[in-house]
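Report on the structure given below.
The values are calculated or read from the model by the stated rules, or taken from the named source; none is laboratory data. Just so we're clear, the structure is a prediction, and the values are computed from it rather than from any experiment. Quick reminder, even Gly has a Cβ in these numbers, built from the backbone with ideal geometry, and neighbours come from all protein chains shown.
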Amino acid sequence: MLILGIETSCDETAAALVEDGVHEISSVIASSQEIHQATGGIVPEVAARKQVEFIVPVIEQTLKKATDVLGKRDKSIKGYQDVIGKIDAIAVTVGPGLIGSLLIGVEAAKALSVAWNKPLIPVNHLIGHIYGNFLRESSLSFGGDLKPGEEPPTNTNRTVPVGDIAFPAVVLIVSGGHTDLVLMKDHGDFDYLGGTLDDAAGEAFDKTARLLGLGKYLGGPLLSKKAAECTHNSLIGRLPRSKMHDNDYDFSFSGLKTAVVRLVDSLSMGGVPVEVIACEFENAVVDVLVHKTMRAVKDYNVPTLLLAGGVAANIQLRTRLKNECEELGVRFFVPPLRLCSDNAIYIASAAYFNQGDVNRSLSEINADPSLGVMDLR
């Protein structure tokens, strides 16, 4: 089954063709990050206007790239119009995200559904993140120490047959806007365990990076890079690990930024390097995420842990969860770095495994910026 995925939940405009939920045929992403970098944050209206500009060329390029791939095994495919004939369905992110951005993707997908006479499958962006683990290049584990932004060596990546991901699985979805723990009993069958009560982990990273002067936009990776320069954390334990030992699976990161402000003020005359503060902050966040996630793994006695979302690219988080899982004999799955950030590949994959009623009316498919992880599964 060949599915065209479309993703426009934030500032990316992405399209991808995925076969049988696991084989990437082609993928194109256009971003307006450079513009937002200049303004110090995402301006929703600007993001939506750029997506209006990008959406048609991105889809066309995706189809043209697929022509080359599919044409090698099917000589009847001469151009991208032939690829359109092979598409079985269209998948689109309907939420959560920026309403203006979501509408660009949803309306484009609806138009193509009518023009091409293809069923349209709505996808929850948060569920989509999970399916970055189901693509054939997804990695079970990686060895050695990696610097932020580095991919694992190719010889440590393992092809992951879908059957290798045994259910039930605990899933940690951690991104700039969301931090959720769910129990995935099967495709489309989830139980909500807990989530952030205020700021998401990625949001805390970005806010703290701005506070430390490391970056006004998407500063989280820059903070992690700076933290990696720390050779000795002289501030260990100085920042709170909120709710880490509470008897639930919820998170709270809003107080962490305030604690960083107070810490910086108290150290203003002490000459503590920024990398040390960054290191202690990253440790505080990762300590809580790892502790709560592994407690859920033990409490539910699951054979599998899946990590998903933009913050899944954090090397310390990936490494510590991997090590904890190895000690318990639990299989740990984490997407390659390029599938942690927003893309349409995992949207198409999620649609394949969670098709639901593919004959639903287009009038029932609408953008929902406040969609939760348990909605539209």
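Does Lys257 fit the bill of being under 30 Å from Leu183 (Cα atoms), under 24 Å from the mean Cα position of the chain (by Cα) and not small (Gly, Ala, Ser)? Explain how you work it out, then say what you get.
On the way: under 30 Å from Leu183 (Cα atoms): yes; under 24 Å from the mean Cα position of the chain (by Cα): yes; not small (Gly, Ala, Ser): yes.
It is true that Lys257 is under 30 Å from Leu183 (Cα atoms), under 24 Å from the mean Cα position of the chain (by Cα) and not small (Gly, Ala, Ser).
Scanning the stretch 246-266 for residues that are without any contact (Cβ under 8 Å) to a residue 40 or more places away in the chain and part of a loop (DSSP other than H, G, I, E, B) returns Asp246, Asn247.
Which residues, taken from the stretch 214-223, are in a helix (DSSP H, G or I) and under 17 Å from the mean Cα position of the chain (by Cα)?
Within the stretch 214-223, the first condition is being in a helix (DSSP H, G or I), and the residues that meet it are 220-223.
Result: Gly220, Pro221.
Restricting attention to the stretch 177-213 and to residues that are within 16 Å of the chain's Cα centre (by Cα) and surrounded by fewer than 20 Cβ atoms within 10 Å (Cβ to Cβ), the residue that is modelled with the highest pLDDT turns out to be Gly195.
Working only within the stretch 49-78, note down all residues that are in a loop (DSSP other than H, G, I, E, B) and polar (S, T, N, Q).
Step one: of the stretch 49-78, the residues in a loop (DSSP other than H, G, I, E, B) are 72-78.
Correct list: Ser76 only.
Filtered by the rule that a residue be surrounded by fewer than 24 Cβ atoms within 10 Å (Cβ to Cβ) and either part of a strand (DSSP E or B) or assigned by TED's automatic domain parsing to the domain that holds Asp206 (or both), the stretch 2-48 gives Leu2, Glu12, Glu19, His23, Glu24, Ile25, Ser26, Ser27, Val28, Ile29, Ala30, Ser31.
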